[in-house]
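Here's the structure we're looking at; comments come further down.
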Amino acid sequence: MLFTGGDVFVDGKFQKTNVRTEQGRIISLAPDLVVGEEVTDVSGYFIFPGFIDVHTHLREPGFFYKETISSGTSAAARGGYTTVFSMPNLDPCPDNSVHLAVQQNIIERDAVIRVIPYGAITKGEKGEELSDMEEIADLVCAFSDDGRGIQSEEMMAEAMKKAKSLKKVICAHCEDNSLLRGGYIHDGTYAASRGHRGICSASEWKQIERDVALAEKIGCPYHVCHVSTKESVEIIRQAKKRGADVTCETAPHYLVLDENDLQEEGRFKMNPPLRSSEDRQALIDGIQDGTIDMIATDHAPHSQEEKSKGLEKSLMGVVGLETAFPILYTELVKKNLVSLERLLETMTSAPARRFGLQSGLSVGSPADFCVYDLKEKYVIDPEDFLSKGRSTPFAGRTVFGKNKFTVFNGKIVWQDK
């Protein structure tokens, strides 16, 4: 295939050139044209490397009524993603090779893009006994008990020592259960004024503080999931200054929304919760100065019934694969808070570097890319999603940036009709 006339993101900057693919690889980045090729004119559009989401809940096996690998990867392709990391809170939990094989078989059968599973840190994600980490190390992107913080410092230390020996990253959902006190939204002004039980910021940052100290002592590569507080950002910033092998992610909703945007609906409930405006600004600052390495979706679909019970009783989690880039482009890039180049780094090269993947558009690289019309304006409509999940705090938002094509391994896996 030959895509012509687009502005192509190559080596951190844009250039007007053509992208030619053959047998799943990019074979040319040059403004030439060969008669007889399958030519797609994308003049006026932008060609980006395929996005990488290091935090996606695909829900299968075990919870296919929420999402399947087929529906989730179709949604990802629509959003411009060519690689997603699937979180391990599944049934069976991928804590040994037999359990992991159940998920791998479905991925091989149904996935339309690349899916790399996480392995669980502990058996059943119960925090009591290490999973068979050595047995599955070569089959997973990293180890995580996402959805649950590891409460025992001794258990986390043991996990880090094992991960270090396997040259794998520990990816931590940081949450101190002793500080939750039944909370379900941020412990701030909105919760206080409306009688909701709040989740304090310390429940996140205190466990990050503990884990960073352990990671520095042990020498384990450590990654923090869905950072949401200003204290968390500062702890990670100082750790990096000391040379610690620490990275982190945040999600679009934490960069664009805060507690002032809350409504009494389940689509505004996620874990960690939307924090204060000061926390949101600290996250934006962290993206700008590189403290926050990457933006992940934390795509977490639930059924309509599970999300229809208001802030208190709905399950935690929102979807994001189909809205991440347009929301971030509209609210950060177009408002001159973050450059387009920096945004693309957080969604492509930064996650690739951390987890040892190939990313970027160059001759010989995999033909994984997406083609965006940054001028197209539209309203986000959850009923139009390919994901089974419909719960998004961005429903009804007007955004710019629509994906026209996603190419994975040289094949078009999404095309806007």
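Here are the numbers for this structure:
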quantity	calculated
3 or more residues touching a Pro at 6+ places or on another chain (Cβ under 9 Å), within 30 Å of Val169 (Cα to Cα) and at pLDDT 95 or above: qualifying strands (runs of 3 or more DSSP E) within the range 1-63	51-56
Among (1) assigned to a loop (DSSP other than H, G, I, E, B); (2) closer than 18 Å to Gly320 by Cα; (3) open to solvent by 10 Å² or more (accessible area, probe 1.4 Å) - the single one Glu67 does not satisfy	(3)
Within the range 274-308, considering residues that are under 18 Å from Ala324 (Cβ atoms) and among the acidic types (Asp, Glu), the one farthest from the chain's Cα centre (by Cα)	Asp293
Filter result for the condition that a residue is open to solvent by 40 Å² or more (accessible area, probe 1.4 Å), out of contact with any Cys (no Cβ under 7 Å at 6 or more places or on another chain), part of a loop (DSSP other than H, G, I, E, B) and under 25 Å from Gly12 (Cβ atoms), over Leu337, Leu386	Leu337
Some residue of the range 312-334 being among the aromatic types (Phe, Trp, Tyr), at pLDDT 95 or above and open to solvent by less than 20 Å² (accessible area, probe 1.4 Å)	yes
Residue check for Asp91: in a loop (DSSP other than H, G, I, E, B) and either in contact with a Ser or Thr (Cβ under 7 Å, 6 or more places away or on another chain) or closer than 24 Å to Pro366 by Cα (or both)	no
Residues that are open to solvent by 20 Å² or more (accessible area, probe 1.4 Å) and within 30 Å of Ile27 (Cβ to Cβ), drawn from the range 374-383	Lys375, Glu376
Residues located in the range 252-274, provided they are in a helix (DSSP H, G or I) and either at pLDDT below 95 or among the basic types (Lys, Arg) (or both)	Arg267
Residues satisfying the stated conditions in the range 269-286, i.e. open to solvent by 10 Å² or more (accessible area, probe 1.4 Å), of a type in the set (Gly, Ala, Ser) and within 16 Å of Leu332 (Cβ to Cβ)	Ser277, Ala282
Pairs, first over 26 Å from Ser391 (Cα atoms) in the range 285-301, second open to solvent by 20 Å² or more (accessible area, probe 1.4 Å) and in a loop (DSSP other than H, G, I, E, B), C-beta under 8 Å, six or more apart	Gln288/Leu337
Conditions (1) surrounded by fewer than 22 Cβ atoms within 10 Å (Cβ to Cβ); (2) touching a Lys or Arg at 6+ places or on another chain (Cβ under 7 Å); number of the one not met by Gly356	(2)
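The values are calculated or read from the model by the stated rules, or taken from the named source; none is laboratory data. Because the structure is predicted, anything quoted here is derived from the model rather than measured. All Cβ positions, even for glycine, are placed from backbone atoms using ideal geometry, and neighbour counts span all protein chains on display. With ligands, DNA and RNA removed, areas are computed over all heavy atoms of the protein, side chains included. Shrake-Rupley method; radii C 1.70, N 1.55, O 1.52, S 1.80 Å.
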